[in-house]
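For reference, the structure discussed in these notes is given below.
Computed from the coordinates by the stated procedures, all read-outs in this text should not be read as laboratory data. Keep in mind it's a predicted model, so treat the numbers as computed, not measured. Virtual Cβ from ideal backbone geometry, glycine too; neighbours counted across all protein chains shown.
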Amino acid sequence: MEGREATARGRTAGWLGDAARDLVRGEHCVFCRTPGRAWCRACRRRVLALTLDPPTAAALDLPVPARAMLAYPDIAPAVLAHKERGVLALAAPLGDLLARAVDDLAPPGAPLLLVGVPSRPGSVRARGHDPMARIVTRAARSLRGQRPVRAAPLLATRPGLRDQGELDVEARSANLAGAFWCPARGLRRAARGGTAGYAVVCDDVLTTGSTVREAHRALTAVGVPVLGIAAIAVTPRRRPPSPPRQASPADAPSADRSTKNHL
Ligand SMILES: [Zn+2]
């Protein structure tokens, strides 16, 4: 008994404990809680029917074309369970969604490097895994066979970067200025891999776009051409405030469950 309790201690062990419990007790669907798969077939059908058509993130005014497959509230349970609770079985369906966004963005057959936005080393330690790297790796695997494509972790965070979730909007923007850089080691490895091509910046959820803008800046600063930005989801945009006399029930603000985005 003592051994089990000792194993449960420690942040790194946290998600392993969750995964082990899931194995012993059986997983449940993160959407409907039905015992079984982490994302049951019925919820898969229901959520995938909600994919944006066309996949779009146009309202964010980003420097390159962007695609996102779902409105964030529709996929939030899976993104959060994978990221924060280490439900690793979700990496495959989330990676496949990201792959669809990439595929919609890039010309057929174009060789690609999928570059995930980096997480702070402290966040990776605390979670016990790197959710974005795992999803990007899966997306690259999903696209292989259709085009030359690799996951390329070209970006790193600078020391001192704070958790975006602790900051207000203005502070987040300042926090992200110069937040990412491209270590030479990763660039050399990408060059050796032999896939000349464009980078696609990959993120899980686009909110204000400031994270992917910073990723784009860091890549282009060292000469890496960026074709576009792909994400699993985008948060709904707030509507501009309407004058009171024009308000109607249809103008009620949509839910903006911005969660962004503990780097
Ligand atoms: Zn379900």
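Using 0.36 nm per residue, how much length does the chain from E84 to S173 gain when fully extended, once their Cα-Cα distance is taken away?
Net length gain for the segment: 29.7 nm.
Would you pull out the residues with amide H under 5 Å of A230's amide H, same chain only if 5 or more places away, H placed 1.01 Å from N?
When sequence neighbours closer than 5 places are left aside, the close amide H contacts are R67, V201, C202, D203.
From the P(r) of region 89-139, can you give the percent of Cα pairs sitting at distances over 18 Å?
In whole percent, the share of Cα-Cα pairs in region 89-139 beyond 18 Å is 37.
Working out 0.36 nm times the residue gap between R46 and D163, then minus their Cα-Cα distance, what length gain in nm do you get to one decimal?
Here the segment from R46 to D163 would lengthen by 38.8 nm.
Just to check, using Stokes-Einstein with a Kirkwood Rh over alpha carbon pairs, what's the diffusion coefficient of region 115-207 at 20 °C and 1.002 mPa s in µm²/s?
After rounding, the answer is 147 µm²/s.
How do the peptides 113-121, 228-236, 151-159 rank, highest first, by the average count of neighbouring beta carbon atoms within 10 Å per residue? Show your work: numbers first, answer last.
Values: 113-121: 23.1, 228-236: 26.2, 151-159: 18.7.
Ranked from most to least packed, the peptides come out as 228-236, 113-121, 151-159.
Which three extents, in whole angstrom, do the alpha-carbon atoms of region 25-82 cover along their principal axes, largest first?
47, 20, 14
For region 46-204, compute the orientation-averaged projected area of the C-alpha convex hull (one quarter of its surface), in nm². Spell out each step's value before the answer.
Working: hull surface 40.4 nm².
Over every viewing direction, the Cα hull of region 46-204 projects on average to 10.1 nm².
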